[in-house]
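Worksheet: the structure to be examined is printed underneath.
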Amino acid sequence: MSQHIKPVSRYTTAARINHWVTAVSLILLALSGMALFHPSLYFLTYLFGGGQITRAIHPWIGVVLAISFLGLFLRFFTLNFWNRDDTVWMKNLGSVINNKEEGLPELGKYNAGQKLVFWGQSILILLLLGSGFVLWDTYFAAYTTIDQKRLSAVIHALCAIGAILIWIVHVYAAIWVKGTMSAMTRGSVSGGWAWKHHRKWFRQEVGKP
Amino acid sequence: MSVMQALDLRRRSASSVPPPPAGAKAAVPVAKLIDVSKCIGCKACQTACLEWNQLDQPIGYTDGTYNNPTDLTTASWTVMRYTEYEHGDDLEWLIRKDGCMHCDDPGCLKACPAPGAIVQYTNGIVDFISDNCIGCGYCVKGCPFNIPRISQVTSKAYKCTLCSDRVVVGQAPACAKACPTQAIYFGTKDDMIAHAGKRITDLKSRGYQNAGLYNPPGVNGTHVMYVLQHADKPSLYAGLPDNPHISPLVGIWKGVMKPLSLAAIAFAGAFGFMHYVTKGPNRVTEHDEEKAAEVAGSDRA
Amino acid sequence: MASLAPTFGRGAMTNSWNDIKNADVVLIMGGNAAEAHPCGFKWVTEAKANNGAKLVVVDPRFTRSAAVSDLYAPIRPGTDIAFLSGVMRYLMGNGKIHQEYVKAYTNASYIVKEGFKFEDGLFAGYDAARKSYVDRSTWDYEFDEQGMAKVDETLQNPRCAINLLKAHVERYTPEMVERICGTPREKFLKVCELIATTANGERSMTSLYALGWTQHTTGAQNIRSMAMIQLLLGNMGIPGGGVNALRGHSNVQGITDLALLSTSTPGYLVLPTEKETTFADYMKARAFKPIRPGQTSFWQNYGKFFVSQQKSLFGNAATKDNDWAYDYLPKFDTAYDVLKIIDMMAGGQMNGLFCQGLNVMMAGPNKTKIHRGLSKLKWLVVVDPLQTETARFWENHGEFNDADPKAIQTEVFQLPATAYAEDEGSYTNSSRVIQWHWKAVDGPGESRSDIEIIADLHGRLRALYKKDGGAFPDPIVNTSWAYAKPAHPEPVELLKELNGYALEDLPDPADPTKLMLKAGQLLPGFAVMRDDGKTSGGCWIYTGVYTEAGNMAMRRDASDPTGLGIHPNWGFSWPANRRILYNRASADPAGKAWSERKKYITWNGSRWVGGDVPDYAPTVAPDKSVGPFIMNQEGTARLFSRTAMPDGPFPEHYEPMDAYIANPLHPKVTTNPVARVFAADAKSFGTPDKFPIVATSYRLAEHFHYWTKNVHDNAVVQPEMFVEMGERLAKAKGIKNGDWVEVSSQRGMIKAKASVSKRFRPIMVDGKPCDVIGLPIHFGFVGLARKSYPLNTLTPPVGDASTNTPEYKAFLVDVKKTTPPASQPAVA
């Protein structure tokens, strides 16, 4: 039997709660938003208790998401700065997709793909928040023109689709790369996972006193 | 807002309408014709609208103009807008009754996400069905004329119904009934266009060379039309749009974006699935675990 | 009304609302029909849309009527006579009068007495001490030995009425009109040209006016000027013509018919003066013999109408032996109109006031004086369906009514009355059509109809007089009160009483063996009224409204066989269901229509025929030369009005009492020399050095007088008082739209929000710009609309010489920016 080290801690409890609050908000936002976006998905409003309630709570969930995501952002933004290795990694994206990671540079806590997810969602959520306020007629109808609202509606929809697509990538990556889920469920990953995917980070983690 | 209609539907928001039974008679499109050149701005139409629709508009303040209330509200579905138009030594006081234009291609209906909250009857009337309204305000964004208003109390959208509840029993809208100078006519759209033609001839004979009918093609015509003394410059009349059309932004938002977005999401899902099937999962090998242990051990040693 | 009767014989809108559609030119001046009479204005839009009519509006401001007009001309408030006299000068100077009509149907050819003159702003016979034309003996025609007026058919005699008129208006050149009225010369001439197109019998002009003409110290003469223009044009008696007084209430014509003036009794009969102590004296002055050969002079029947009225009022107590109870009638020493009553209250000469259907606190001029007067009363009874400022005059409403309730001892009784839809009855509209209205709902709470309130009051007074006697109880005790339920007279019973009954069997005059009417039957028309006590009738002009065939006021047949808007079976139009008065004048002297277009009543060889009831004896042939103005002793209409007008037989321009300039025509007589000013008010007029801005007051389409500020939806569409002014004035005073401004006059001060508008332009008077501001009358301190200072805080307490109508339409003010009233927000 081969030698396994103890799981490597990747996320604190607080970070995991923060993530899941964000995740649940995002899913609820996607469901309620899609319900109001496309008539064929209007049935999703029943999940929330009808169209009126769906319309009313969607922006509030958005506020939860924004605050929650701000927490994630503050936690992780320093770890998501782009470096030269990320560029190399991106150039070899084809190999990564084909499950061939040999010869890639050693990575820190996040690879370029994860960083792109991070920055992508950061920017999109900021845009969604801004355009969302413009569309939140209950409180803010008077502050913008109808043309600005129209533009916001398009931006909001585009950003939402973008965010959903990134979310799909994010979720699929967690499914595809086995051993990932435990990072967000139990807060730790196996040593092998850390070694394989985030070697530099792994070295730092094990190098800690 | 309107009661259950015995009117057939032509369009229904966020849903489709079954085609009429074979052999069914098509309803005749109706229209209200507002002859601005006959309007004296007395606001009888406004009060008739308040009364017939039992609207409770609060008493406001004057802002130093004759516009009272100063704008459309959830309880004022029509208001008069007064413009003092000075040209040279002459003055004209242009008085336009503002309210829903009942576009033949209604932007509100196009924008509405709630099935059946906005309907268009086969006679052309565009009506808001409150029971189905979710108060999202998309109709406000869809409307090229800035007409619908959302109630802070009921969170529903309101606007002129063209008195669909009167029309269905063969009555003219309350405003047309109340108008003392017959500046508001109601009838079939063809008749209204013909009548407007006579009025325009009269206006031209009185020196209004650019008199004409406002029935903007950008929204495929409207079921509320104006006779204007200066049809070449509709915007003179308190900002009546010169060439109204559903905003291209709304067109994108409620047009190509809807299928493309679903396609993109479906594609992303499918791509992931295919990737998983063809490439398989990315697993951590025993070798990786060993290396990890090795590194951890050596480093910690 | 006080100007139409001296000209034509009757004081009422001459044509009908519906008839306006037949006009080719519609002149709105001295009114704002679109704003104040929007429902009637529909006939103007009809005339425009279907008859190609041109609408001309002459007004100090660009009104809602002007908004749909073809031609608008500005005019300084209170200068209408100068404008209209200028029009007369234009018409006569350019040969644009209907010669044949003028010659045959007016007193143009009548020779006026030597001695009649007009000099330095005064007509002959002025008594400066009494401020009155005491000696009006020269204001008349030359008469021959038979008592017939002398005429010169050739119109060569310089003392022919028309030649005197020509000379009189010669001073009103377009330049003078521009100087006085501020109407640009080109605009004035354009109006003249358009008016002149109707001087031919082919085309007609209708004149629509309202309080914009009456509420001046020259009010009656304003209207007379137009009446004269219409005579010169031949526009009287023809479809689409006429001088049409648009009345402000749905039933003002009705109240006028039933004795609006304190010196009248119903049907335009006159109350005796204190000098007419006997019936014989009274009748002597009312013989009304024709003063041209063969003329009708319909007022010759005065005795029949008077006796029938006395029989109606006093029943069996009016007998031949007691001169038909002549002694029961009050004999007046002076007119007790609203202005007089206010003056007496303020002077402490009255104990009580019974205020029914009148909100005197808002409707009278000079609110401060009215308030002082009401405060001096012992008691005040207010009968009204609504809360009124009058009933609440003693309450403190902050700045808006700064009263001290502790200092006011007046005991106020409010009797709630029903409103129009809570009772049935009749309305008489502007065009004299009496229409029945039915009850829709019961009145709220303890409200009672005005009739019930008066009946109850009468019953109690009568019981007191019966019990306690008194100085002269007979008129009250003997008032005829033959109603089925004395405490609840039915409106139908009252209308029948006004119509009149045969009190005894009346034989047929054509065949004395037959009965025309049995005792107790309703009279079919005033022609059967008698002066022998065998008929009754409370208001002779209404006779025919309720006959044995039923209540004519209830008729609702909209059919119009001629298409001329006559609708003969809709309601009942007094007199005798005529829709156009003096309609004999629609035909030439030979009885042929002046034109096919204006064909109305013509002679067919044996009778006068047409869609309307001829205003003429139906079988009198044209060759008898009986004039079409049958009420006048002349048979013709009066360009020269003889003594009927207290301020002159011809109209003359006088400045409003708050005079903006010295009268350019005669600076020593700037204002109307016989305007009615009480001694107490002598110092209440403003001068332009202190008050350099001209103000005018008016109504808004959204409101009805002081009533609808109590109605939610009306308050929604016009919620608050404002003052309209032009951009030039606003800029000079640093005022923006919506700012609070203070408007002050010699009488007082109000605050209101500014409405700055291009529709008010400075008017060039005597070469200098004159700023005009406008003030709506509707807002007060009671009701649902925002509280406001009553506008009559500013208006002058002065009355027209003929009617005592207050001068609400032209007065001097100053304007400055100010702070909001304590109880109002700075911004909406």
* Would you compute, from DSSP H runs of 4+ residues alone, the mean residue ellipticity of chain B at 222 nm, taking -39500 (n - 2.57) per run and dividing by the full residue count, rounded to the nearest 500? => -9000 deg cm²/dmol
* To do: Could I have the simple spin-label model distance between C:E153 and B:E84, label points 7 Å from Cα toward Cβ, reported in nm to one decimal?
  => 5.8
* Structure fact -> Pseudo-spin-label distance C:R372 to C:K275, built 7 Å along Cα→Cβ, given in nm, is 3.3
* **Loop-located trypsin sites (Lys or Arg not before Pro) in the stretch C:226-307, at most 12 other Cβ atoms within 10 Å (DSSP)** => C:K275
* To do: Please give every one of the lysines within straight-line cross-link reach of C:K518, meaning a C-alpha to C-alpha distance under 28 Å, and leave out same-chain neighbours fewer than 8 residues apart.
  => C:K304, C:K311, C:K320, C:K485, C:K496, C:K534
* For the protein assembly as shown, treating each Cα as an identical point scatterer without solvent, what Debye log10 I(q)/I(0) comes out at q = 0.06, 0.07 1/Å? -> -0.65, -0.82
* Assuming R0 = 22 Å, can you tell me the calculated FRET efficiency for the pair C:Q521 and C:K485, based on Cβ-Cβ distance, to the nearest 0.05? => 0.45
* Asked: What are the residues whose amide H is under 5 Å from the amide H of B:D35, where those residues sit 5 or more places off or on another chain and H is modelled from the backbone?
  -> B:I184, B:Y185, B:V227
* To do: Return the FRET efficiency for the residue pair C:K439, C:R607: r is the Cβ-Cβ distance, R0 is 35 Å, and the value is rounded to the nearest 0.05.
  => 0.25
* To do: Tell me what chain C gives for mean residue ellipticity at 222 nm when only DSSP H runs of n ≥ 4 count, each as -39,500 (n - 2.57), the sum divided by the residue total, rounded to 500 deg cm²/dmol.
  => -6000 deg cm²/dmol
* Asked: Excluding same-chain residues fewer than 8 positions from C:K340, which lysines have a Cα within less than 23 Å of its Cα?
  -> C:K131, C:K275, C:K331, C:K367, C:K369, C:K376, C:K378, C:K683, C:K809
* Structure fact -> Averaging 1/r across every pair of distinct alpha carbons in the stretch C:4-248 and inverting yields a Kirkwood hydrodynamic radius, in angstrom, of 18.6
* Hey, what does the equivalent ellipsoid look like for chain C, semi-axes from the Cα gyration tensor as sqrt of 5 times each eigenvalue, largest first, whole Å? -> 39, 36, 26
* **Backbone HN-Hα couplings from phi across the stretch B:69-86 [Karplus 6.51/-1.76/1.60, Hz, Gly and Pro as x]** => x, 6, 8, 4, 9, 5, 10, 10, 8, 9, 9, 8, 10, 9, 10, 9, 10, 9
* Would you please give the residues with an amide H less than 5 Å from that of C:Y501, counting only those at least 5 places away or on a separate chain, with H modeled from the backbone geometry? => C:L523, C:S536, C:G537
* Asked: In whole angstrom, how long is each semi-axis of the equivalent ellipsoid of the stretch C:679-817, when you take the square root of 5 times every eigenvalue of its Cα gyration tensor and sort them from largest down?
  -> 24, 21, 13
* Asked: Near the amide H of C:Q356, under 5 Å away, which other amide H atoms are found, from residues 5 or more places off or on another chain, if H is placed in the peptide plane?
  -> C:V383
* Structure fact -> In whole Hz, the Karplus estimates of ³J(HN,Hα) for the stretch C:789-796 (6.51, -1.76, 1.60; θ = phi - 60°; x where Gly or Pro) are 5, x, 4, 5, 4, 9, 7, x
* Structure fact -> Descending packing, highest mean Cβ count within 10 Å first, for B:239-246, C:60-67 is C:60-67, B:239-246
* Asked: C:K736: which lysines have alpha carbons under 18 Å from its alpha carbon, excluding same-chain residues fewer than 8 sequence positions away?
  -> C:K751, C:K753, C:K758, C:K816, C:K817
* Structure fact -> Here, trypsin sites (Lys or Arg not before Pro) of the stretch A:18-116 satisfying both criteria (DSSP loop; at most 16 other Cβ within 10 Å) are A:K100
* To do: Let me know the shape class of the stretch C:139-265, please: from the alpha-carbon gyration tensor, a ≥ b ≥ c as square roots of the eigenvalues, rounded when a/c is under 1.5, otherwise prolate if a/b is greater than b/c, or oblate.
  => oblate
* Relative contact order, percent, the stretch C:296-387 [alpha-carbon distance under 8 Å, six or more residues apart] -> 24
* Structure fact -> At R0 = 30 Å the Cβ-Cβ FRET efficiency linking C:D468 and C:T334, nearest 0.05, sits at 0.50
* Give me a single rounded figure for B:34-47: the average over its residues of other chain Cβ atoms within 10 Å of their Cβ. => 6
* Asked: Over the protein assembly as shown, what is the percentage of antiparallel beta bridges among all DSSP beta bridges, to the nearest 5?
  -> 60
* Structure fact -> The farthest towards the positive end of the charge dipole of the protein assembly as shown, of the residues B:T78, C:W17, A:W136, given +1 on Cβ of Lys and Arg and -1 on Cβ of Asp and Glu, is A:W136
* Structure fact -> DSSP beta bridges in chain C: the antiparallel percent, rounded to 5, is 50
* With springs only between Cα atoms under 10 Å apart, run a GNM on chain A and tell me which of A:A15, A:A160, A:A142 wobbles the most. => A:A142
* Loop only per DSSP, at most 15 neighbouring Cβ atoms within 10 Å: give me the trypsin sites (Lys or Arg not before Pro) in the stretch C:316-347, ordered by residue number. => C:K320, C:K331
* Arrange the following residues from fewest to most other Cβ atoms within 10 Å of their Cβ: C:K467, C:K21. => C:K467, C:K21
* Structure fact -> For the stretch A:121-135, Karplus-derived ³J(HN,Hα) couplings (6.51, -1.76, 1.60; θ = phi - 60°; whole Hz; x for glycine and proline) come out as 5, 4, 5, 5, 5, 4, 5, 5, 5, x, 5, x, 4, 4, 8
* Structure fact -> Averaged over residues of B:276-286, the number of beta carbons from other chains lying within 10 Å of each residue's Cβ is 6
* **Estimated [θ] at 222 nm from DSSP helical runs (n ≥ 4, -39500 (n - 2.57)) normalised by residues in chain A, nearest 500** => -22500 deg cm²/dmol
* Structure fact -> Note on the stretch C:260-317: alpha-carbon gyration tensor, axes a ≥ b ≥ c; rule is a/c under 1.5 for rounded, else prolate if a/b larger than b/c, else oblate; result prolate
* Asked: For the stretch C:4-248, what proportion of DSSP beta bridges, expressed in % and rounded to the nearest 5, is antiparallel?
  -> 35
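Bear in mind these aren't lab numbers, they're just calculated from the coordinates by the rules spelled out. On a predicted model such as this, the values are computed, not experimentally measured, just so you know. Here the Cβ is made from the backbone with ideal geometry for all residues, glycine too, and neighbour counts use every protein chain on show.
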